Amino acid sequence: MIKIKELRKTFGPIVAVDGVSFDVQKGQVLGFLGPNGAGKSTVMRMLACFLTPDSGTAEVCGYDIIKNPIQVRENIGYLAENVPAYSEMSVGAFLNFICDVRGLEGKKRKEALDKAIAMCHIQSVYHQTIETLSKGYRRRVGLAQALIHDPQVLILDEPTDGLDPNQKHEVRQLIGKMTQDKCIVISTHILEEVEAICSRAVVIAKGKILADSTPGELKSKYNCSLDEVFRKITTSKVA
Amino acid sequence: MRGFWAVFRREFKSYFTTPLAYVFLVVFLFFSGYLTFKAGFFEARQADMTAFFMNMPLMFVFLVPAAAMRLWAEERKTGSIELLFTLPITVAQAVLGKFFAAWVFIIVAMAMTFPMLITVSYLGNPDKGLIFAGYLASILMAGGFLAVGCFFSAMSRNQVISFVLSVVACGVLVFAGMPTTMNYLSTFLPMGLVQAISTMSFQGHFDSMQRGVLEFKDISYFVILIAGWITAGGVILDERKAN
């Protein structure tokens with residue numbers, strides 16, 4: 001469902017993404033790992049058609065990110081790293097705005113709203129203004145926004161960052177429930193999360209892919225914990 | 001079209017969920033009334049709204065950029081632009097949605113000056129066509145200023161910078177056509193160039209419309225101006241949205 005071919009993006013003299021290629025199939029949860037500044041968010045932003053690659057391209061659900069950005073965006077749910085939202089709006093008004101944009105009307109809208117709100121446990125803050133929410137609730141509203149149209153592809157940039165252990169567990173369970181009929185890409189620093197929910201792990205540093213395997217295989221290949229695998233790969237191969 | 005309406009509705013409502021709309025309306029309505037009566041509304045002994053419309057360019061130079069400055073600068077500052085442009089909305093839909101939301105807001109503000117219309121109608125028998133032309137000219141001029149404001153808002157993520165730049169640009173567009181400016185320019189520029197500068201200015205087109213002369217060249221001036229600045233704003237935004 002996602003096919004990335006030789007994506008490259010530079011910001012001035014900085015090469016953020018340098019020839020990244022990989023495919024993700026339906027039913028896979030791909031953990032996108034890497035140190036800060038590795039290029040994870042840049043790849044995700046290009047997949048969500050927010051950034052245009054300098055060269056290379058990608059297909060999401062058969063649509064090219066450069067030629068058909070609107071169709072790509074219709075088919076994905078994207079949660080950005082800093083959970084952008086209109087802070088002066090109430091949660092309800094914000095989610096209704098997303099429904100407006102995504103063309104969910106009438107009965108469909110009500111069902112979509114009810115489902116997303118129940119999934120993300122945000123009933124209690126429905127009438128609250130987004131700027132008054134805690135970090136955890138804000139992120140859950142962001143998740144609800146990404147899930148509301150039941151997209152085939154989910155791109156989540158650090159979805160559990162800032163959540164308490166209970167909330168992290170809930171989000172992981174939520175992702176676990178959706179794996180069968182979706183294709184999910186998650187970036188994270190939390191390696192236990194990769195072990196818990198990801199069927200595949202791609203390690204990236206300085207814009208290049210350094211490893212692409214399952215978490216289990218990585219562990220057995222290096223014969224150590226995933227934390228150590230991450231350190232070994234990102235420090236030795238980059239240096 | 002769906003993206004346009006969604007952005008339009010959200011943006012229009014957002015004026016009223018923040019104090020901006022109320023501050024804008026109070027200041028605009030107070031000064032539009034105050035300046036009219038100060039300019040000798042009663043002394044003129046004429047039931048028309050000339051004194052009212054006369055002050056519009058000056059008020060709009062400051063007030064319209066204030067309504068426009070947040071349109072894109074705020075989206076870029078808070079990062080919500082990343083949300084907007086990862087939803088199925090094109091840059092054109094978003095730019096137009098925001099522009100028209102702000103324009104309709106200003107039209108609402110203009111509509112709230114209706115007591116002025118009631119006053120002149122009570123005092124005499126004003127020329128309704130002239131009043132209509134005055135409102136049309138003011139609304140078109142506000143659209144022009146708004147398009148300039150949108151452009152500068154897309155250029156900078158700092159609202160103060162975008163406000164100051166818009167005021168300067170709108171000010172230049174108004175004052176270039178003032179008689180004093182033209183007199184000064186004609187001391188060292190050839191007459192043809194002075195004429196050219198004055199036809200580029202808001203003032204001449206606004207004055208002739210406000211006098212009740214609805215000419216194609218005046219209306220097309222505003223339409224081209226609005227389209228041009230909005231297009232430029234869209235291009236800048238597309239270029240800089242992720243910076």
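The values are calculated or read from the model by the stated rules, or taken from the named source; none is laboratory data. Not measured: the values here are computed from a predicted model. Counting neighbours? That spans all protein chains shown, and the Cβs are built from the backbone with ideal geometry, glycine included.
Quick rundown of the values:
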| item | result |
| --- | --- |
| Search result, residues across the stretch A:35-91 that are at the interface with chain B (Cβ under 10 Å from one of its Cβ atoms) and of a type in the set (D, E) | A:E74, A:E81, A:E88 |
| Candidates A:F22, A:F32 - the one that is within 24 Å of A:E217 (Cβ to Cβ), crowded, with 17+ Cβ neighbours inside 10 Å, in contact (Cβ under 8 Å) with a residue 12 or more places away in the chain and more than 15 Å from the chain's Cα centre (by Cα) | A:F22 |
| Sole exception among (1) within 14 Å of another protein chain (Cβ to nearest Cβ); (2) in contact (Cβ under 8 Å) with a residue 40 or more places away in the chain; (3) not polar (S, T, N, Q) for B:P65, by number | (1) |
| Helices (runs of 4 or more DSSP H) wholly inside the stretch B:164-243 containing at least 3 residues that are hydroxyl-bearing (S, T, Y) and more than 30 Å from B:D127 (Cα to Cα) | B:179-186 |
| Pairs where the first residue, in the stretch A:81-103, is over 18 Å from A:Q123 (Cα atoms) and the second is acidic (D, E), C-beta under 6 Å, 6+ apart | A:E81/A:D157; A:E81/A:E158; A:P84/B:E82 |
| Sole residue being under 23 Å from A:F97 (Cα atoms), touching a Pro at 6+ places or on another chain (Cβ under 6 Å), within 14 Å of another protein chain (Cβ to nearest Cβ) and not acidic (D, E), chosen from B:L83, B:L87, B:L71 | B:L83 |
| Subset of the stretch B:117-171 that is of a type in the set (D, E, K, R) and in contact (Cβ under 8 Å) with a residue 12 or more places away in the chain - its residue that is farthest from B:D207 (Cα to Cα) | B:R157 |
| Residues of the stretch A:35-65 satisfying the condition of being closer than 18 Å to A:V153 by Cβ and in a loop (DSSP other than H, G, I, E, B) | A:A48, A:C49, A:F50, A:L51, A:P53, A:C61, A:G62, A:I65 |
| Breaking point among (1) crowded, with 23+ Cβ neighbours inside 10 Å; (2) over 27 Å from A:I233 (Cα atoms), for A:R45 | (2) |
| Looking only at the stretch A:92-144, and only at residues there that are in contact with a strand residue (DSSP E or B) (Cβ under 8 Å, 6 or more places away or on another chain) and closer than 20 Å to B:K13 by Cα, the one that is nearest to the other protein chains (Cβ to nearest Cβ) | A:T129 |
| Contacts under 6 angstrom Cβ, first residue in the stretch B:219-243 being away from chain A (no Cβ under 14 Å), partner at pLDDT below 90 and assigned to a helix (DSSP H, G or I), 6 or more apart | B:Y221/B:H205 |
| Any hit, the stretch B:39-46, residues being surrounded by fewer than 18 Cβ atoms within 10 Å (Cβ to Cβ) and either within 14 Å of another protein chain (Cβ to nearest Cβ) or within 17 Å of the chain's Cα centre (by Cα) (or both) | no |
